[in-house]
Every structure is written in C-alpha cells, then in structure tokens.
1. Quick one: accessible surface of residue 227, probe radius 1.4 Å, all protein chains present, in square angstrom to the nearest 10.
2. First check a/c for the range 328-402, with a ≥ b ≥ c the square roots of the eigenvalues of its C-alpha gyration tensor; if it is under 1.5, answer rounded, and if not, answer prolate when a/b is larger than b/c or oblate otherwise.
3. I'd like the accessible area for residue 493: 1.4 Å probe, protein heavy atoms, all chains in place, Å² to the nearest 10.
4. If you rank 421, 201 by how much accessible surface each has, with a 1.4 Å probe, what is the order from largest down?
5. Taking the Cβ of residue 350 as the center, what net charge do the other residues with Cβ under 12 Å away carry, scoring Lys and Arg +1 and Asp and Glu -1?
6. Heavy atoms of the protein only, probe of 1.4 Å, neighbouring chains included. What is the accessible area of residue 250 in Å², nearest 10?
7. How far apart, in nm, are two points set 7 Å out from the Cα along the Cα-to-Cβ line at residue 381 and at residue 165?
8. Order 37, 461, most accessible first, counting only protein heavy atoms with a 1.4 angstrom probe.
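The values are calculated or read from the model by the stated rules, or taken from the named source; none is laboratory data. Everything quoted here is computed from the prediction, not taken from an experiment. Neighbour counts run over all protein chains shown; Cβ positions are idealised from the backbone, glycine included. Remember, those area values only see protein heavy atoms, side chains included, never the ligands or the DNA or RNA. Shrake-Rupley method; radii C 1.70, N 1.55, O 1.52, S 1.80 Å.
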Amino acid sequence: MNGIKRRSRTGCLTCRARRVKCDERKPMCERCEFANVECAGYPEKRSLAVRRSMRHSSSTTTTASASDPGHQRDATIRPQVRLDGLPLIALPNNPTSLQLPHARARDVLAFHQFLFRTMPMLFPPASLSFWRDYVCQEAWGIEYVFDAVVALGCMHRATLLLSQQTESDRDHGFDTKVIAVQMYSNALKGVSDSLACTQISMALLLAVLILFAYTESFDGNVPATIRHIHMANHYFRAMCSSSTPETEQFKTPIELCLHDLDIIRRVTLPDLKVIRMISPLYRPSIIPSDASASLHESLDFSPKHLLQQLLDIGSMDSDIKPLIWCPVAAHRRLMPEERIVGFLKQLKEWKNTNGILFHKLGVDEALSEPINFDLATLANISIPPPPHANLPRDFCLILVLYVFYRTRLSWALSIYNGGESDLELETYHFTYQLLRFVTTALDSPRPSSDDLPFGCEALRVGLSPILFLAGQSCPRPTWLRWILFELDRSGREGVCNSKAFATSLEVLSTLEKRVRREPRRPDVEYFTPPHQRIISVIFPGLNGRGYVTYYAQIRPGEQIDSQESHIPLCIASWASSANGGRPAVTTCDGTDVPFSEWVMDRPLVKEWAQWLTFSEFDLTQTLHDHINGSRLLVDRDKVAGSKW
C-alpha cells in the first residue's frame with residue numbers, strides 16, 4: 001500500500017486538465033511556462049463549516065441564524081450578564097487566523113464592560129446620563145478620559161475573574177489587571193499633562209477622579225482610593241465656588257457620586273474632625289425637604305431605586321453620617337437629640353411609603369419597633385439567626401441598610417440618655433434583624449443580572465462595614481462570635497477588609513470580658529450598657545496592609561453624660577503578612593489624658609493628618625500612593641501559589 005502513488009489535488013488548473021504532474025510553483029507553475037501554455041492558476045481554498053458544540057447553560061437563549069433569509073436582526077442592544085459573575089463578553093478562545101484580535105481589542109471589551117455593567121452598578125441612576133451622554137462621548141476625543149474609562153472596565157473584569165475558582169480564569173484575571181494598571185498609569189499622566197498645559201474642564205476632571213477612585217477601590221488600594229476621593233472633594237468645592245453653565249449642569253450628578261464615595265472614605269478612614277469633636281467641613285447641598293418630597297414622586301420598588309433612596313436619605317445631613325458610620329461619634333454628642341429623632345422620623349416615612357412591598361415580602365415585623373421585648377426575651381433568641389424564607393436576595397441589602405440605620409441611631413439615643421433600657425433593647429432588636437437579613441443574603445444562591453452587587457463588586461456599600469459596626473452594639477458574646485463568622489464569609493469588598501474588621505472585633509470582645517462590671521443577669525452573659533462600652537477606632541496603615549485599632553474605656557468615677565469621658569485602654573496593631581495576621585496588643589496603663597487628644601497624638605494618626613493636607617492633583621504623590629498600596633503583587637503571588 002505504501003508504494004502506491006496518490007494523485008495530488010493541489011496542482012494548477014491547467015496541469016490538472018492536461019493530467020500531468022504540476023510542480024506547484026506560484027503564481028505560474030514552471031511546467032506550464034516550459035510548455036508555453038497559459039497557467040490558469042490555483043483553485044481557492046475550500047471553507048469547511050465547523051460544527052461547534054453548544055455548552056448547556058441556563059443563561060443561553062436560542063436565536064435564529066443570521067444566515068437564514070427569513071431572519072431579521074434585532075437592532076436593540078440586549079446585554080446579558082452571566083450567572084457565574086464573569087464579564088459580559090470576552091476574546092475568543094483558540095481563535096482562527098480570521099479571528100486574531102486587534103492590539104487594542106481589550107480596550108473595546110473594557111469599554112463595553114464599563115458601559116453595560118460597571119456604570120449602572122456604581123453610579124446613582126440620576127447621574128447615569130452624565131456618564132453615558134457626556135463622559136463616554138468626551139472619551140472618544142480626549143485620550144486620558146478614554147484611558148480612565150478603560151482602566152475601570154478592565155479592573156472590574158480583572159476583579160471578577162480573580163474571584164473565580166479555576167486556574168485559567170485567575171490567570172486571565174491577572175493579565176487583565178496588568179493591562180488595567182497600564183491604562184490607569186496612562187490616564188494619570190494624561191491628567192497631569194492637561195492640568196499643566198490646558199484649561200481643563202472641571203466636570204471632566206471630577207469624573208476622571210471618581211473613575212480613579214473606583215479603579216483603586218476594585219484593587220483594594222486604601223491610600224490611593226482615599227487620595228482620589230479627597231482630591232475630588234477639593235475640586236468639587238472649587239467648582240461650586242464659581243457660577244458657570246458647567247457647574248449648573250453637572251453639579252448634582254457629580255455630588256450624588258461623591259456622596260457614595262464619602263461612605264467608602266468614612267468606613268475606611270475614621271473622620272479626624274469627629275475624633276477631635278468639631279463639626280464636619282463638607283456639607284451636602286441636598287436639603288431634607290427636597291429629599292423627602294422625592295420619596296413621594298413615584299413608587300418604584302426596584303432594588304436599585306430603593307437602595308439609592310436609602311443612601312440619599314443617609315447623606316442628607318453631614319452630622320448624621322458620622323453617627324451612622326463612625327463608632328465613636330455618638331459619644332461625642334456633637335448634635336442635638338432632636339436631629340436624630342427627626343432623622344428616624346424620615347426613615348419611618350420611607351418605610352411606610354414602601355409598606356406594600358415590605359408586606360408582600362413578609363418583613364413587616366422585622367422592620368417595626370419591638371413589642372414586649374426585654375432581657376429575658378433576648379436570652380432566648382436563637383443564634384445562629386434563622387434566614388428569612390422566600391425572601392429574594394435582591395432586597396436583602398436594602399433591608400440590611402434600613403435596620404442598620406435604625407440600629408446605629410437607637411444606639412446613639414441610648415448613649416445620649418445614659419443607657420435608657422427601651423432604646424437599648426430597640427437597638428438589640430434591630431441588630432438581630434440585621435443578622436437575619438445578612439444570613440439570608442449570604443445563604444441565597446448567586447444573584448441574577450438585576451440583583452444588587454455583593455462580594456467583590458460591593459464597592460458603594462457592602463456587608464462587611466455594616467457587620468463591623470453592628471458588632472460594636474451586640475448584647476452578648478455569642479452574637480459577636482456569629483458576626484465574626486459572617487465577616488469571614490463576606491470576604492473583601494473593595495477597600496473594606498473584612499479580616500481586619502474581624503480582628504479588631506476579636507480584641508474588643510476580649511477586652512469587654514476583662515473589664516467586667518456588675519452582672520446584668522446571673523444566668524446569661526451580657527455586655528455592659530451602651531454608655532459604658534469600650535469604644536474603638538481602626539486606622540489603616542499608609543500602605544493599606546497594616547492596621548492599628550485604638551481602644552478606650554470610661555474613666556473611673558467620670559460622669560457618663562460628659563462629652564469626653566473615655567481614656568485610652570490599649571492599642572492593637574497587626575499586618576496581614578506578619579505573625580499570621582494576629583494582633584500585638586499594648587496596654588496604656590497610667591494614661592489619663594482624654595481619648596480624643598491621645599488618639600490625635602498617635603504617630604499613625606499624625607501621619608494621616610499630614611497626608612490629608614495635600615488636596616490638589618500631584619502626579620508624583622498619586623503614583624506613590626498607587627505603588628505603595630497596590631495589591632498587584634499580592635494577586636500575582638496568589639495566582640502563582642494556586643498552581644503548586
């Protein structure tokens with residue numbers, strides 16, 4: 001069989017017609033040239049239709065073939081989000097010669113990611129036209145704006161891929177993250193050059209700084225995220241100081257975005273003005289009457305709309321924000337009690353406006369004030385808390401945020417009133433409901449495309465800072481141990497490090513047990529009343545990898561109703577890579593200075609205070625923060641370590 005000569009089918013058309021062997025020289029074969037006949041050339045390569053296997057997926061829909069003559073293309077853009085949380089679209093696997101991607105094809109994917117998923121997820125609905133119709137349009141003509149948009153889309157894609165379980169996804173995620181960092185660096189250089197050479201649009205500058213802040217937040221870079229938020233607030237005040245058409249047109253959507261970023265800043269870095277017991281410098285322009293009226297304009301029960309309403313309500317008053325997000329603000333008594341009662345009234349009005357929805361969800365009782373609730377009832381409450389049956393995950397974060405507001409403000413009122421028992425019990429009731437909603441959210445299956453973001457995508461408001469602050473208002477150690485378990489399940493949410501929060505709460509629990517006072521019940525272990533609790537503030541290191549928590553206790557014999565009644569107790573410091581992440585605790589025996597004065601004199605806090613004096617954009621300082629707090633090498637080590 002091996003000796004049989006097979007006929008070749010690759011010769012020129014003339015040789016094949018003459019039935020002679022062709023030497024297959026191109027473009028004209030040598031045999032035709034020697035015979036002085038016209039060479040007809042070679043036939044075109046055949047194209048074979050390859051049958052591709054279709055993976056079964058619940059998110060896949062069957063559509064008519066585009067080659068079908070009866071098929072009409074639907075011009076409507078219908079982006080689909082994969083159920084596994086991966087990006088919307090991707091480059092082809094094992095591409096053919098005709099499918100090789102362009103050198104900047106990843107930019108198109110990142111822009112698509114930003115437009116269809118990142119932008120609706122991160123920005124308030126009322127500001128979407130600013131981003132879609134103004135920023136994205138300007139990006140086609142201004143390179144640093146385009147680079148900033150692409151960097152955020154790339155970093156979002158990288159974060160999703162790095163959170164997956166397969167090695168190939170994590171490898172792809174790390175490569176995407178490297179590209180995001182390159183585009184981000186290009187955008188930083190472009191902003192610096194524009195500020196030095198041209199009259200830059202203040203609205204575009206603020207938009208780019210907001211994009212930078214979220215890009216660094218996806219990376220978990222604490223100092224760079226806070227830097228961009230700090231600069232954005234500085235330039236926003238500068239823009240508001242001048243009355244121009246640009247200010248009037250873009251002030252509101254930019255301010256709405258800055259409100260959300262302000263929450264990220266507060267849960268990451270304590271407000272030094274609150275610790276020093278002075279009023280906040282920045283006050284939003286939204287007034288309570290306008291926000292209250294907006295609640296009745298239309299009934300929209302979509303999760304995104306309800307969440308945005310709650311965030312707007314919490315941003316109305318810059319004195320209320322510290323009470324919600326700063327663990328020591330209630331002990332500073334910087335605002336009259338009537339303001340807190342007025343805010344609670346606003347919250348109840350929001351709940352009543354959406355009462356139809358909450359009744360259908362079966363959560364009326366959980367959102368209402370407790371009835372016949374005392375310490376004996378509290379002792380019989382089950383931990384772990386049972387999740388709510390048939391409650392969609394879409395609404396869990398909204399319900400968590402509502403009861404969290406109620407928890408923090410009832411806690412503050414209890415401190416204002418010297419540990420008044422009814423207010424304290426109301427705090428514990430809402431804390432327990434918060435734990436039930438969190439358990440429901442974490443036990444639910446993965447969200448659908450319309451759900452609010454959780455986990456690595458929860459940048460605006462996540463579960464970990466809420467659990468951390470709720471842990472400081474728990475009545476019993478068993479509750480706090482459950483919160484530590486839930487913090488471990490929630491994972492990292494942007495710059496919010498759940499492991500750091502858990503470590504700080506572990507030390508707090510140990511201190512509360514050691515600083516014992518009169519028992520509240522002989523048969524059940526309770527923490528002390530709110531006004532007698534140990535307080536704490538946690539500061540990240542300037543590189544975002546180490547943390548320090550400062551703890552304080554009530555001064556013996558001090559009047560509880562005094563504004564500054566706490567003295568230093570101890571310091572806990574740790575880094576994720578040192579000593580297994582366990583804290584080193586140093587006591588402050590013999591220190592009798594006021595806690596606020598003592599904290600402001602700590603080396604790390606003084607460094608942060610000095611760091612915050614730089615408000616304008618500086619390329620060298622911004623790159624320093626980016627390099628100092630970057631988690632790129634951490635992710636590289638994780639990807640490399642998973643292969644061995």
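1. Estimated to the nearest 10 Å², residue 227 gives 10 Å².
2. It comes out oblate by the Cα gyration axes.
3. Residue 493 has an accessible surface of roughly 10 Å² with all protein chains in place.
4. Final ranking, largest accessible area leading: 421, 201.
5. Once positives and negatives cancel, what remains is +2.
6. 20 Å²
7. 3.4 nm
8. So, going from the largest accessible area down, we get 37, 461.
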